[in-house]
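Structure first, commentary second.
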Amino acid sequence: MLRLDKMLAHMGYGTRNEIKKLMRRGAVTVDGETVKSPELKVDPEASRVFVGAELVRYREFIYLMMNKPAGVVSAVRDEAQETVVDLLERAYRIFHPFPVGRLDKDTEGLLFLTNDGQLGHRLLSPKKQVDKIYIAEITEPVGESDVAAFAEGIPLDDGICLPAGLRIPGEDPRRAEVTLREGRYHQVKRMFQSRGKEVLYLKRVAMGGVPLDESLNPGEYRELTPEELRILS
């Protein structure tokens, strides 16, 4: 059971004070009865709550998959730059979602957004070692020595990386697939730099066993399916 004003505030109908004003105007009904008490406890799953003519469809959490475009920062807010949250419709922004981890500003691909802190922690916890798979286009061909170095653990200035997968998924040796189990700052780029190679293009294509929906254009997003959520959980 939830307080009615808390439920409506969670769903983006205003602050607690604004919701009280709505109630005083008789704009809120519960199961057909006009309600003016913000303290009223309701069952968000069973009670039929209306604000005006709009039925309130309560949800506690949202889970989104986005194909992040280049040029957008992985943050909730930024004073100077567009963020991934800015790309969302208001119907999702009212839940105050956050990106699960970060992709560099110029990196594209799979990004999860949610307001479920437990899921976010589970996917980012170093103890869980969740796989993150990237496609990188680089300046120099990848060789067997690079594959071995990634598997052993690339030393960087902030410590040795965990063993990472490196393979060539097609015929072009300058297009590599990298599998990480950690998420350091600019990690893929720095790992290749340590091998004398520069990353020209980087895209995350999977995380935690869930691949990017390639039907999503850059900047587009959709809700996770129940099966995808089950895999991540």
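The values are calculated or read from the model by the stated rules, or taken from the named source; none is laboratory data. Here the structure is a predicted model, which is why all the values come from computation and not from measurement. No Cβ is skipped: glycine too gets one built from the backbone with ideal geometry, and neighbour counts run over all protein chains shown.
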What's the total number of residues in the stretch 52-86 that are of a type in the set (Val, Ile, Thr), assigned to a loop (DSSP other than H, G, I, E, B) and without any contact (Cβ under 8 Å) to a residue 40 or more places away in the chain? 2
Pairs under 7 Å by beta carbon, first residue closer than 20 Å to residue 128 by Cα and not assigned by TED's automatic domain parsing to the domain that holds residue 139 in the stretch 177-197, partner among the hydroxyl-bearing types (Ser, Thr, Tyr) and in a strand (DSSP E or B), six or more apart or different chains? none
If you scan the stretch 212-233, which residues turn out to be of a type in the set (Lys, Arg) and within 25 Å of residue 105 (Cβ to Cβ)? 222
List pairs: first residue in the stretch 10-23 and in contact (Cβ under 8 Å) with a residue 60 or more places away in the chain, second residue surrounded by 15 or more Cβ atoms within 10 Å (Cβ to Cβ) anywhere in the structure, Cβ distance under 7 angstrom, at least six positions apart or on different chains. 11/56; 11/58; 11/94; 12/94
Specify which of the listed residues (4, 8, 103) is over 29 Å from residue 122 (Cα atoms) and either touching a Gly at 6+ places or on another chain (Cβ under 9 Å) or surrounded by 19 or more Cβ atoms within 10 Å (Cβ to Cβ) (or both). 4
When residues of the stretch 130-171 are limited to those that are part of a loop (DSSP other than H, G, I, E, B) and loosely packed, with under 12 Cβ neighbours inside 10 Å, the one farthest from the chain's Cα centre (by Cα): 171
Kindly evaluate residue 85 against the criterion of being crowded, with 16+ Cβ neighbours inside 10 Å, within 15 Å of the chain's Cα centre (by Cα), more than 22 Å from residue 191 (Cα to Cα) and at pLDDT 95 or above. yes
Evaluation of residue 114 against (1) on the phi < 0 side of the Ramachandran plot; (2) over 16 Å from the mean Cα position of the chain (by Cα); (3) at pLDDT 95 or above (one fails), failing number: (2)
Residue pairs qualifying under the 6 Å Cβ cut-off, at least six apart or on distinct chains, with the first in the stretch 126-145 being within 25 Å of residue 210 (Cβ to Cβ) and the second being of a type in the set (Gly, Ala, Ser) and surrounded by 14 or more Cβ atoms within 10 Å (Cβ to Cβ), are 130/208; 133/206; 136/176
Residue identified as of a type outside the set (D, E, K, R) and over 26 Å from residue 125 (Cα atoms) among 211, 226, 155, 169: 169
Any hit, the stretch 35-51, residues being of a type outside the set (Lys, Arg), surrounded by fewer than 18 Cβ atoms within 10 Å (Cβ to Cβ), without any contact (Cβ under 8 Å) to a residue 24 or more places away in the chain and over 30 Å from residue 229 (Cα atoms): no
Go over the candidates 58, 13, 63 one by one and state the one that is in contact with a strand residue (DSSP E or B) (Cβ under 6 Å, 6 or more places away or on another chain), closer than 30 Å to residue 227 by Cα and surrounded by 12 or more Cβ atoms within 10 Å (Cβ to Cβ). 63
Boolean, residue 204 is in contact with a Phe, Trp or Tyr (Cβ under 6 Å, 6 or more places away or on another chain) and either at pLDDT 95 or above or in a strand (DSSP E or B) (or both): yes
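If you go through the stretch 206-217 one residue at a time, how many are within 14 Å of the chain's Cα centre (by Cα) and either free of Cβ contacts under 8 Å to residues at least 24 places away in the same chain or surrounded by fewer than 16 Cβ atoms within 10 Å (Cβ to Cβ) (or both)?
1
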